[in-house]
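The values are calculated or read from the model by the stated rules, or taken from the named source; none is laboratory data. Keep in mind that this is a model prediction, so the values were computed, not measured. For neighbour counting, all protein chains shown are included, and Cβ atoms are generated from backbone atoms with ideal geometry for every residue, glycine included. Surface areas here come from the heavy atoms of the whole protein model, side chains and all, with no ligands, DNA or RNA. Shrake-Rupley method; radii C 1.70, N 1.55, O 1.52, S 1.80 Å.
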Amino acid sequence: MLARTGFVLIATVVVLLGGMTTSVSAADDVGLFDPDTAEWRLRDSGGDVLSFIYGNPGDVAIIGDWNCDGIATPGMYRQSTGLAYLRNSNTTGNADITFFFGDPGDLPIVGDFNDDGCDTVSIYRPSTQAFHIINKLGVNNGGLGAADVSYLFGDPGDKPFVGDFDGDGIETVGLHRESTGLVYFRQTHTQGIADASFIFGDPGDKIVAGDWNDDTVDSPSLYRPSANTVFFRFTNTQGNADQVVYFGNGNQALVAGEFGNLADSFTNDVDCAMTLLNLTNTERVNRGLAPLVWDAPVAAVAAGHSRAMVLEGFFDHVSPTTGLDPIDRLNAAGIVYTAAAENIAVNSSGCEALHTQWMNSSGHRANILNPVYTKAGYGVVSVAGFMGTQVFTG
């Protein structure tokens, strides 16, 4: 029986967390933004959670479908200058879109305000209780110019939010009075009194709206920082929460949108895997060793372990869920071998950094340069970072 040796790990930054689920829904999802660290944590309807860094502390977090592909991605708004900087993927990186809109002190609001399938950034001006709606995004740090429509609505001190409150495809504005839990909104982009109002939640709760049950109508959700809890209401009426989810960690900003099935993003990055194989073989050939041959079944085992570590929020050779170690996983896959080893690593720097980490560690390097091994498979999940598993067999 093969001894369980040769398993080596490196940990730097764990970037993805969650619970393994398989459910899929078109309903909206919630996420949280930490204003102190610029960390985003998006939670899909299946309970999977994606974590990444984007933005600068102190800027206001926003989220929307900027490129009209049906998936909401992050953005930031700098109140001091009116700078909006948006990203088209739920990953760490630089802004894809930057422009200016609004005056200092304005609050950003995001929505599809004309039913064209694309979200835009508009503003609420607390000093005048005025909404300024615009149906396009800017480019290249330019200014957007005048709003398409402006109107007055609401009372001083109330916080703006956006939703499609009647299911007609056009998102309109609402306001939330955090001191009392009063929620009120308009169903058209015109000046007037509220079309509906009701009480929901406790003082201090933070509001967003979304389509939580896939009925095309948006309704409120509240984040209670003191309890790290999100409360969902499925109708725009007074009453208790229809669903409660324990999510969050203190003073964070609540966001909402359709994030897709986050688990679908956690597939093997084959390009990175092949890059790692080539880097490994360069090291071996330079030392007079035979190159390793790519083994697809072994790669599938490696990819499965990387995905499990991401979705289940652990970093180890032994799965806390199944109790399986690398040898168990190879045996379960029916792979024939006489010797085997596994390296794992995680970072937020890049694909090639995984190889550098392994080569800078004596234990990992010994596995890479072991002449006993003739085949290898790599599994890399590269959403918001790089979680890599490298499995050798001989």
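So the values come out like this:
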read-out: Asn94, sole failed condition from (1) within 22 Å of the chain's Cα centre (by Cα); (2) in contact (Cβ under 8 Å) with a residue 40 or more places away in the chain; (3) open to solvent by 60 Å² or more (accessible area, probe 1.4 Å); value: (2)
read-out: In region 323-333, the residues that are touching a residue at least 12 places away in the same chain (Cβ under 8 Å) and open to solvent by 40 Å² or more (accessible area, probe 1.4 Å); value: Ala333
read-out: Those residues of region 371-394 which are in contact with a Gly (Cβ under 8 Å, 6 or more places away or on another chain) and either among the small types (Gly, Ala, Ser) or more than 15 Å from Ala299 (Cβ to Cβ) (or both), in sequence order; value: Val372, Gly379, Phe386, Gly388
read-out: Sole residue being free of Cβ contacts under 8 Å to residues at least 24 places away in the same chain, over 30 Å from Asp69 (Cβ atoms), open to solvent by 20 Å² or more (accessible area, probe 1.4 Å) and in a loop (DSSP other than H, G, I, E, B), chosen from Val285, Val318; value: Val318
read-out: Residue within region 366-383 that is under 22 Å from Phe52 (Cβ atoms), among the aromatic types (Phe, Trp, Tyr) and under 27 Å from the mean Cα position of the chain (by Cα) present; value: no
read-out: Residue check, Ser226 modelled with pLDDT under 95 and either hydroxyl-bearing (Ser, Thr, Tyr) or not in a loop (DSSP other than H, G, I, E, B) (or both); value: yes
read-out: Scope region 349-369; condition outside any helix (DSSP H, G or I), touching a residue at least 24 places away in the same chain (Cβ under 8 Å) and surrounded by fewer than 16 Cβ atoms within 10 Å (Cβ to Cβ); matching residues; value: Ser349, Gly350, Leu369
read-out: Those residues of region 370-383 which are in a loop (DSSP other than H, G, I, E, B) and open to solvent by less than 10 Å² (accessible area, probe 1.4 Å), in sequence order; value: none
read-out: Hits in region 101-152 (condition: free of Cβ contacts under 8 Å to residues at least 24 places away in the same chain, of a type in the set (Ser, Thr, Tyr) and crowded, with 17+ Cβ neighbours inside 10 Å); value: Ser150
read-out: Number of the condition not met by Asn249 [criteria: (1) open to solvent by 40 Å² or more (accessible area, probe 1.4 Å); (2) part of a helix (DSSP H, G or I)]; value: (2)
read-out: Lone qualifier among Ile53, Ile10 - being surrounded by fewer than 23 Cβ atoms within 10 Å (Cβ to Cβ), at pLDDT below 90, under 11 Å from the mean Cα position of the chain (by Cα) and under 21 Å from Gly385 (Cα atoms); value: Ile53
read-out: Scan of region 195-214 for residues that are farther than 16 Å from Asp164 by Cβ and more than 31 Å from the chain's Cα centre (by Cα), ordered by number; value: Ser197, Phe198
read-out: Residue match in region 275-289 (condition: at pLDDT below 90, farther than 17 Å from Glu342 by Cβ and not hydrophobic (A, V, I, L, M, F, W, C)); value: no
read-out: Residue selected from region 257-272 under the condition at pLDDT 85 or above and closer than 15 Å to Gly70 by Cβ, by the criterion most open to solvent (accessible area, probe 1.4 Å); value: Glu258
read-out: Filtered residues of region 300-315 (kept if touching a residue at least 40 places away in the same chain (Cβ under 8 Å), out of contact with any helix residue (DSSP H, G or I) (no Cβ under 7 Å at 6 or more places or on another chain) and not in a helix (DSSP H, G or I)); value: Gly313
read-out: Checking His189 against (1) free of Cβ contacts under 8 Å to residues at least 40 places away in the same chain; (2) within 30 Å of Tyr54 (Cβ to Cβ), the condition it does not meet; value: (1)
read-out: Qualifying positions in region 237-246 - surrounded by fewer than 17 Cβ atoms within 10 Å (Cβ to Cβ) and assigned to a loop (DSSP other than H, G, I, E, B); value: Thr237, Gln238, Gly239, Asn240, Asp242
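Okay, residues lined up against (1) surrounded by 15 or more Cβ atoms within 10 Å (Cβ to Cβ); (2) touching a Lys or Arg at 6+ places or on another chain (Cβ under 9 Å); (3) farther than 30 Å from Val381 by Cβ:
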site	(1), (2), (3)
Asp166	yes, no, yes
His176	yes, yes, yes
Ile193	no, yes, yes
Asp205	yes, yes, yes
Thr216	no, no, yes
Phe232	yes, no, no
Thr235	no, no, yes
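One line per residue, one yes/no per condition, for (1) at pLDDT below 95; (2) among the β-branched types (Val, Ile, Thr):
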position	(1), (2)
Ser348	yes, no
Ser362	yes, no
Tyr373	no, no
Val381	yes, yes
